[in-house]
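The values are calculated or read from the model by the stated rules, or taken from the named source; none is laboratory data. Values in this document were obtained by computation on a predicted structure and should not be read as measured data. Please note: Cβ atoms are built from the backbone with ideal geometry, for glycine as well, and neighbour counts cover all protein chains shown. Just so you know, the surface numbers come from the protein's heavy atoms only, side chains and all, with ligands and any DNA or RNA stripped out. Shrake-Rupley method; radii C 1.70, N 1.55, O 1.52, S 1.80 Å.
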Amino acid sequence: MKFFLDTANLEEIRQAASWGILDGVTTNPTLLARENPLDVQEHLYRICEIVQGPVSAEVVATDYEGMLEEARALASLHPHIVVKVPMIRDGVRAIRTLAQEGISTNCTLVFSPAQALVAAKAGASYVSPFVGRLDDVGTSGLELVRQILTIYSHYGFETRVLVASVRHPMHVVEAALMGADVCTMPFKVLEQLIQHPLTDVGLERFLADWQKRQVSSAP
Ligand code: G3P
């Protein structure tokens, strides 16, 4: 499974990249607004230079022509850019056109298996089911991931399943058990994947025992 960070924060991206386990980054308008960079394009370029992998950048237009214009501009920024396009009618049309132009896309705001099927048929490079937001409204986000993987396996679609809106480590573990291609997660969740209280206690004990050892005196 590939690990993406769901952030536009350069320091978080630098740290995760330094651990050698970061495969990509996803941003969205909310995450970029949170960083409030003076120059959005420059900020995205800097992210792309840190990450040796795909970086999702989202269009904010909601009409076909506007989305295409933004998508082409984003794609020309850096070869790592994957253009995020919302799952709406004009978005589906834009994904199809961009696929024909060789521009990678990530179909975002996906909440049903039907939408995921449409995204794959349109030729999206990635589909982003939002698991946490579904859980928030009392529906299983992970069940959606399972359904999408089943549907895609029947037809051999090349669209990769990118599990988004991840809130905790079990979202990542369950998605991995199902064989999802990618999980994009906040920095905190990536840290939580590494941590375990028994590891901390165990290490503390090993180090304490090592300090207490009988150092043999010289002959
Ligand atoms: O980037 C899209 C998605 O991951 C957003 O997550 O936590 O705002 O539901 P969240």
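What number of residues within region 75-103 satisfy the criterion of being part of a helix (DSSP H, G or I) and within 22 Å of Val161 (Cα to Cα)? If you could, list the steps in order and put the result at the bottom.
Going through region 75-103, the residues part of a helix (DSSP H, G or I) turn out to be 75-77, 89-100.
With the extra rule that they be within 22 Å of Val161 (Cα to Cα), the set shrinks to 75, 89-100.
Of the residues in that region, 13 qualify.
Any residue that is open to solvent by less than 60 Å² (accessible area, probe 1.4 Å) and either closer than 30 Å to Glu191 by Cα or among the aromatic types (Phe, Trp, Tyr) (or both) - is there at least one of those in region 85-98? Before you say what the answer is, go through the steps one by one.
Residues of region 85-98 open to solvent by less than 60 Å² (accessible area, probe 1.4 Å): 85-87, 90-92, 94-95, 97-98.
Within this subset, residues satisfying the condition of being either closer than 30 Å to Glu191 by Cα or among the aromatic types (Phe, Trp, Tyr) (or both) are 85-86.
Looking through region 85-98, at least one residue is open to solvent by less than 60 Å² (accessible area, probe 1.4 Å) and either closer than 30 Å to Glu191 by Cα or among the aromatic types (Phe, Trp, Tyr) (or both).
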Just to be sure, is Val173 free of Cβ contacts under 8 Å to residues at least 60 places away in the same chain, β-branched (Val, Ile, Thr), buried (at least 22 other Cβ atoms within 10 Å of the Cβ) and not in a strand (DSSP E or B)?
no
Take region 17-48 and flag every residue that is surrounded by 12 or more Cβ atoms within 10 Å (Cβ to Cβ), of a type outside the set (Lys, Arg) and within 12 Å of His78 (Cα to Cα).
Gln41, His43, Leu44, Tyr45, Ile47, Cys48
Of (1) within 15 Å of the ligand (Cβ to nearest atom); (2) surrounded by 17 or more Cβ atoms within 10 Å (Cβ to Cβ); (3) without any contact (Cβ under 8 Å) to a residue 60 or more places away in the chain, Met67 fails just (1)
Residues of region 109-118 being touching a residue at least 24 places away in the same chain (Cβ under 8 Å) and open to solvent by 10 Å² or more (accessible area, probe 1.4 Å), in sequence order, are Phe111, Ser112, Pro113, Gln115, Leu117, Val118
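Among the residues of region 122-141 satisfying the criterion of being under 17 Å from Arg167 (Cα atoms) and surrounded by 21 or more Cβ atoms within 10 Å (Cβ to Cβ), which is nearest to the ligand (Cβ to nearest atom)?
If we filter region 122-141 for residues that are under 17 Å from Arg167 (Cα atoms), which is where we start, we get 128-141.
Checking the rest, the ones that are also surrounded by 21 or more Cβ atoms within 10 Å (Cβ to Cβ) come to 128-129, 131, 141.
On the way: Ser128: 6, Pro129: 10, Val131: 9, Gly141: 10 Å.
Selected residue: Ser128.
Restricting attention to region 34-52, report how many residues are in a loop (DSSP other than H, G, I, E, B) and more than 16 Å from the ligand (Cβ to nearest atom).
Taking region 34-52 first, the residues in a loop (DSSP other than H, G, I, E, B) are 36-39, 51-52.
Checking which are more than 16 Å from the ligand (Cβ to nearest atom) leaves us with 36-39, 52.
Count: 5.
Table: residues versus (1) in contact with a His (Cβ under 6 Å, 6 or more places away or on another chain); (2) assigned to a helix (DSSP H, G or I); (3) open to solvent by less than 60 Å² (accessible area, probe 1.4 Å).
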site	(1), (2), (3)
Asn106	no, no, yes
Ala120	no, yes, yes
Glu143	no, yes, no
Gln147	no, yes, no
Ser153	no, yes, no
Gln211	no, yes, no
